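Comments concern the structure below.
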Amino acid sequence: MKNSSKRIKILAFLAIFLSLNYSYAQSESVKIDKLIEQKRSFNKKNKNLGGFKIQIYNGNESQAYKIEQECKANFPEYITSTKYKAPEWKTQIGPFKTRLEADRNLLLIKKKYLGAIVIEDKI
């Protein structure tokens, strides 16, 4: 009789412990789902935060504009721009929303501009 009451107590304890653990895991899952939804909402509201560009040149102003015009002729499907960021002028292609998109386009652009690199930038 003692053994069976001891087993019942152990089984009851295990059942309570497992149910508490299960409810804790569910509450954590709900918290994670809420955080994911908040992140999605934030990303929708702040679309112009981060992105990527492909930099094909940095150096002096006249060469930067010359390369920009050349790039527009070679790759009319891309948006090309030149801007000054101390201490040099930079000619860039983009914007690209993801690093993967930028890397895929970099493979094509590197055929003409060997020194091209992907950089993070606001888009």
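The values are calculated or read from the model by the stated rules, or taken from the named source; none is laboratory data. Everything numeric here is computed off the predicted structure, so don't read it as measured data. Backbone-built Cβ (ideal geometry, glycine too); neighbour counts: all protein chains shown. Note: areas computed on protein heavy atoms with side chains; ligands, DNA, RNA excluded. Shrake-Rupley method; radii C 1.70, N 1.55, O 1.52, S 1.80 Å.
Of note:
- On the stretch given as the range 70-85, residues that are under 16 Å from G115 (Cβ atoms) and surrounded by fewer than 17 Cβ atoms within 10 Å (Cβ to Cβ) total 2.
- Number of positions in the range 14-56 that are assigned to a helix (DSSP H, G or I), modelled with pLDDT of 70 or more and among the hydrophobic types (A, V, I, L, M, F, W, C): 6
- Some residue of the range 60-69 being within 23 Å of the chain's Cα centre (by Cα) and either part of a strand (DSSP E or B) or crowded, with 18+ Cβ neighbours inside 10 Å (or both): no
- Among residues of the range 59-83 that are in contact (Cβ under 8 Å) with a residue 12 or more places away in the chain, those with a Cβ under 6 angstrom from a residue that is of a type in the set (F, W, Y) and open to solvent by 70 Å² or more (accessible area, probe 1.4 Å), sequence gap 6+ or separate chain, pair up as T82/Y65.
- For the range 72-111, the candidate set comprises residues that are among the aliphatic types (A, V, I, L, M) and assigned to a loop (DSSP other than H, G, I, E, B); within that set, the residue that is nearest to the chain's Cα centre (by Cα) is I79.
- Residues of the range 95-123 that turn out to be out of contact with any Pro (no Cβ under 7 Å at 6 or more places or on another chain) and either open to solvent by 90 Å² or more (accessible area, probe 1.4 Å) or of a type in the set (A, V, I, L, M) (or both), as a count: 18
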